[in-house]
Structure formats: C-alpha cells, structure tokens
Amino acid sequence: MVDQYVRGFMRAEWGLVLEKVVTHHDHNALLELFELLLTEDERSAIASRLKVFQALLKGDLSQRQIASEFQISIATITRCSNYLKSMTEDQRQKIKLLILE
C-alpha cells in the first residue's frame with residue numbers, strides 16, 4: 001500500500017520537474033537549473049544512459065563495444081537493453097523518434 005502511494009507521489013513530483021524544464025526556453029537557464037537540481041554524478045548518469053539508449057537503438061555496436069567506447073558498465077548497458085526489450089514496438093519507435101532525431 002505504501003509503495004503505491006510513494007510511486008504515485010513520485011510520478012506527480014516528476015511531472016512538476018518536467019513542467020519546470022519545459023517552460024525554460026533559454027538554454028543557459030536550463031543548464032543552470034540542471035546544475036542546481038542535479039549533482040555532477042547524476043548529470044553524468046543521465047548523459048550516459050542517453051548514450052547507451054542511442055547506441056542500442058542504432059544497433060551498430062555490441063554491448064561490449066558500447067561499454068568500451070563510452071566507458072559505461074556492462075550492468076548499465078544490460079539494464080537499458082532489458083528495458084528496451086520489455087517495451088512494446090510502439091514504445092521503441094517512440095523512443096527512437098525522441099532520442100535519435
């Protein structure tokens with residue numbers, strides 16, 4: 001019961017974060033917002049996750065090649081790969097449109 005409440009609360013809070021991000025049309029203000037909200041490690045983790053998803057969706061590199069090229073752990077790449085595999089085809093197409101173009 002508590003888990004459902006926490007997940008619902010976090011989704012609502014994430015919506016507020018996205019609303020704040022989307023309203024910033026100034027690149028520098030957005031960079032400053034992320035620097036204030038996220039630690040360097042958190043920003044790096046998000047950037048790494050994006051690189052992994054892009055590489056997996058392009059399909060040009062093996063997981064080992066992605067790990068070597070981007071200095072990202074196999075565990076992170078495997079999590080991203082498994083997450084992509086769990087998506088429907090429509091979801092995979094949507095993420096491709098959002099991050100590859």
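A few points about this structure:
- Residue list for the stretch 47-101, restricted to those being of a type in the set (V, I, T) and either assigned by TED's automatic domain parsing to the domain that holds L31 or exposed (fewer than 11 other Cβ atoms within 10 Å of the Cβ) (or both): T88
- Residue in the stretch 54-63 that is under 25 Å from W14 (Cα atoms) and free of Cβ contacts under 8 Å to residues at least 12 places away in the same chain present: no
- Flag if R43 is surrounded by 11 or more Cβ atoms within 10 Å (Cβ to Cβ) and either among the charged types (D, E, K, R) or without any contact (Cβ under 8 Å) to a residue 12 or more places away in the chain (or both): yes
The values are calculated or read from the model by the stated rules, or taken from the named source; none is laboratory data. Note that the structure is predicted; figures quoted are calculated from it, not measured. Methodologically, a virtual Cβ is constructed for each residue, glycine included, from the backbone with ideal geometry; neighbour enumeration extends over all protein chains shown.
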